[in-house]
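The values are calculated or read from the model by the stated rules, or taken from the named source; none is laboratory data. Remember, it's a predicted structure, so these values are computed and weren't measured experimentally. Glycine gets a Cβ as well: all are built from the backbone with ideal geometry, and neighbour counts include every protein chain shown. Surface accessibility is based on the protein's heavy atoms, side chains included, excluding ligands, DNA and RNA. Shrake-Rupley method; radii C 1.70, N 1.55, O 1.52, S 1.80 Å.
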Amino acid sequence: MRIRLDKNEMFKPPPKEIIDPVKESIENINRYTPQVKIEELIGLISDYTKIPQDSIILSSASDILIKEFIYLFARNRQIIIADPTFFLVTNTAQKTSSPLLKIRLREPEFKISLEQFIDEINKPTMIVFDNPNNPTGSLLLNKKDVQTVLENENVIFLIDEAYFEFSKISYVNLLNDFPNLAIVRTLSKSFGLAGSGIGYILCGDVIKRRFIGLETMLPYPSVVAAINALQNLDYMKKYINEIEKEKKRIITSVSKMGIMVFPSYTNFILMKTGIQNISQNLVKLGIYVHDISEQLSSEYIRVTIGTEKENNYFLSYIEKLTKS
Amino acid sequence: MKKIGLLINPIAGMGGSVGLKGTDGHIYKKAIKMGAQPITPKRLSELLSNLENKEEMFFIAAPGKMGADIIKNKGFKFNTVGEIGKDTSAKDTKRIAKMMLEKNIDLLIFCGGDGTARDIFDAIGLKKPVVAIPSGVKMFSSVFALNPRAAAEMVDAFIKGTDTQEKEVLDINEDSFRKGILDSKLYGYLKVPNIKRLLQSGKIGSKINKTAAENKVEIADHIIESMKNDILYLLGPGTTVKAITDALNLPKTLLGIDAIYNNKRVGEDLNEEGILRLLDKYNNVEIIVSPIGGQGFIFGRGNKQLTPKIISKVGKENIKIVATVDKMKGLMCLRVDTGDIEVDNMLKGYTKVIIGYKEELITQIEC
């Protein structure tokens with residue numbers, strides 16, 4: 001058996017209501033995506049987020065939007081990120097010529113306090129935080145702290161809310177008051193559309209204008225998948241409930257094995273196993289979890305919540321490893 | 001087929017179980033009288049039983065209880081080298097390690113404590129990589145693997161082909177340690193295999209793939225760019241700091257404190273007195289240090305020459321900390337143990353560590 005619990009994907013495909021229209025859309029694969037469909041998708045995102053349509057930027061996957069955002073705003077700014085964070089953020093920030101300041105997250109909370117960096121933002125700064133954080137699953141900053149940071153005009157702030165549907169915590173309602181805020185989201189995680197890759201940024205006009213000219217063609221099947229997903233929100237909510245149940249079960253089980261688990265507001269769990277090179281040991285058993293030895297140490301793993309069967313398989317082997 | 005030297009210090013770690021903190025000098029006889037049992041044979045056996053690529057290994061073992069007694073009858077191909085008497089000492093470790101070097105080993109596995117690591121350093125230096133099995137008592141040198149199983153993984157990684165990295169060997173004064181005082185000096189470096197992560201097919205490569213050597217060059221570039229004229233720089237021990245003087249084409253005492261001023265070395269392997277004399281002469285001073293060992297000490301381990309008096313005089317704002325990403329990733333915080341609680345408290349709090357070119361990490365001193 002080979003199981004993949006390393007990419008934070010949804011454990012099963014979306015239902016028929018989403019898959020069937022996608023299959024039909026393949027019939028028109030010779031055509032570019034009709035503009036009317038793009039507009040329909042923007043309208044649905046607007047309904048879903050309660051943010052006006054003209055504050056939405058669409059792209060293939062949030063990864064691209066995060067990269068574009070960093071490259072667009074890095075010039076003459078220092079960049080502040082969490083450490084650890086989504087690897088794409090670190091890699092992209094390192095490819096700019098801007099000074100990079102990382103804020104070390106410390107277990108067990110893995111949070112950021114204003115005290116850590118408030119003295120650093122007295123010059124032009126771009127902050128990119130993922131909230132919840134990947135790979136720790138924690139919420140980095142509370143709303144009051146985010147507001148305090150945004151009140152500083154030196155700052156332009158991108159918050160990655162890829163896991164918002166799991167955490168149910170969002171700062172979109174600050175967008176009205178703060179033109180220096182942007183929020184990026186994806187349909188790859190909670191909507192189970194990782195292979196379709198649709199992401200969006202919610203932001204004010206000043207930021208949006210910088211993206212003009214960077215629009216890319218979105219694949220028609222991806223747009224159809226996203227439209228139908230947003231028209232059928234119930235499946236996403238049902239999947240999240242299933243994940244929450246499995247998450248609790250896994251946390252209870254591994255805690256009994258003496259593995260340290262950290263609170264997670266996502267569809268994955270960070271575990272401190274006490275076993276060096278644990279991810280390599282699991283790979284040998286056909287279990288792929290995210291190896292974060294490069295960011296923390298080799299005793300930590302990030303484990304995506306899978307199907308009940310996959311989770312049982314993982315639990316049985318991790319138990320054997322802890323006992324050996 | 002790789003030739004692997006195998007050597008254990010049969011008495012290392014015996015002091016721990018009877019509370020003697022080390023077996024340097026004649027303390028081990030006291031340990032035996034107190035009922036201490038040998039530890040290293042078991043630790044070596046544990047490593048051997050966890051090795052996966054046995055067919056690709058040929059061992060050159062130290063004789064008798066220093067190696068051969070443990071490896072025999074376990075299905076390994078091996079020869080022995082050298083002779084030993086009833087009691088063994090540091091001289092045997094050094095002599096046999098040198099003989100192994102002459103036999104052209106590819107890797108040396110040894111088991112012992114900080115003292116054994118120093119003997120191995122004296123014998124082979126950086127000529128061959130080593131895998132160090134800790135003997136059970138708390139080790140301070142970062143050259144040691146976490147445990148025998150982790151050491152076995154390092155050996156297997158070496159067999160499959162991997163690069164190496166330099167790790168610190170510390171000199172702990174065991175007499176002081178037994179009195180509850182941790183008095184340590186950086187003694188040298190040994191090369192250990194760098195365990196390569198098994199590749200997982202992630203959605204995009206999440207690894208930066210920067211070697212420690214490249215990382216040190218980046219840090220040096222950052223420091224040099226920020227260096228100013230008419231400032232005295234006190235440079236602490238270690239290879240990360242040495243990379244700065246390498247880039248400046250200046251000599252540096254690897255294990256000691258040197259001073260540079262306007263691109264010239266004005267102090268070499270300084271002690272407290274020497275540093276204080278320089279502080280009287282130069283008004284603007286900065287200290288550049290790197291955390292020592294696996295515990296993240298920036299003062300109080302390996303750089304005792306930078307005394308509380310000197311640190312206070314230079315001031316917290318004039319201390320620059322440099323460290324590779326690899327070293328920082330395992331450290332939840334940095335630590336200080338200057339011997340003066342007031343100075344320790346003055347140093348505590350959030351600080352920035354230079355971890356690359358224009359790349360810094362905010363972390364906490366003392367967690």
Subject >> Filter result for residue B:109 (in contact with a Cys (Cβ under 6 Å, 6 or more places away or on another chain) and either under 27 Å from residue B:290 (Cβ atoms) or modelled with pLDDT of 95 or more (or both)) >> reply: no
Original post:
Looking at segment B:137-153, which of the residues that are open to solvent by 20 Å² or more (accessible area, probe 1.4 Å) and part of a helix (DSSP H, G or I) is nearest to the other protein chains (Cβ to nearest Cβ)?
Top reply: B:153
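Okay, residues lined up against (1) touching a strand residue (DSSP E or B) at 6+ places or on another chain (Cβ under 6 Å); (2) open to solvent by less than 60 Å² (accessible area, probe 1.4 Å):
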| position | (1), (2) |
| --- | --- |
| B:80 | yes, no |
| B:86 | no, no |
| B:91 | no, no |
| B:129 | yes, yes |
Original post:
For segment A:47-55, does any single residue satisfy the condition of being within 14 Å of another protein chain (Cβ to nearest Cβ) and either under 22 Å from residue A:173 (Cβ atoms) or touching a strand residue (DSSP E or B) at 6+ places or on another chain (Cβ under 8 Å) (or both)?
Top reply: no
Original post:
When the residues of segment B:319-356 are filtered to those that are surrounded by 16 or more Cβ atoms within 10 Å (Cβ to Cβ) and part of a helix (DSSP H, G or I), which remaining residue is nearest to the other protein chains (Cβ to nearest Cβ)?
Top reply: B:329
**OP:** From the list A:266, A:216, A:252, pick out the single residue that is free of Cβ contacts under 8 Å to residues at least 12 places away in the same chain, outside any strand (DSSP E or B) and among the β-branched types (Val, Ile, Thr).
**Re:** A:252
Subject >> Selection status of residue A:233, over 16 Å from residue A:268 (Cβ atoms) and modelled with pLDDT under 95 >> reply: no
Original post:
Going through segment A:296-313 one residue at a time, which ones are within 14 Å of another protein chain (Cβ to nearest Cβ), out of contact with any Pro (no Cβ under 7 Å at 6 or more places or on another chain) and either touching a residue at least 40 places away in the same chain (Cβ under 8 Å) or surrounded by 20 or more Cβ atoms within 10 Å (Cβ to Cβ) (or both)?
Top reply: A:298, A:299, A:300, A:301, A:303, A:304
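Residues checked against (1) open to solvent by 20 Å² or more (accessible area, probe 1.4 Å); (2) among the hydrophobic types (A, V, I, L, M, F, W, C); (3) within 24 Å of residue A:148 (Cα to Cα); (4) in contact with a helix residue (DSSP H, G or I) (Cβ under 9 Å, 6 or more places away or on another chain):
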position	(1), (2), (3), (4)
A:65	no, yes, no, no
A:77	yes, no, yes, no
A:92	no, no, no, yes
A:97	yes, no, no, no
A:100	no, yes, yes, yes
A:113	yes, no, yes, yes
A:117	no, yes, yes, yes
A:120	yes, no, yes, no
A:127	no, yes, yes, yes
**OP:** Check B:170, B:182 and return the single one that is of a type outside the set (D, E, K, R) and either outside any loop (DSSP other than H, G, I, E, B) or modelled with pLDDT of 80 or more (or both).
**Re:** B:170
**OP:** Just give me the residues in segment A:130-155 being assigned to a strand (DSSP E or B) and surrounded by 23 or more Cβ atoms within 10 Å (Cβ to Cβ), in sequence order.
**Re:** A:130
Original post:
Within the set of pairs 6+ apart or on separate chains, which have a first residue in segment A:85-103 that is at the interface with another protein chain (Cβ under 7 Å from one of its Cβ atoms), a second that is open to solvent by less than 10 Å² (accessible area, probe 1.4 Å) and among the aromatic types (Phe, Trp, Tyr), and C-beta atoms under 6 Å apart?
Top reply: A:103/A:117
**OP:** Keeping to segment A:263-288, report how many residues are surrounded by fewer than 19 Cβ atoms within 10 Å (Cβ to Cβ), under 18 Å from residue A:162 (Cβ atoms) and within 14 Å of chain B (Cβ to nearest Cβ).
**Re:** 0
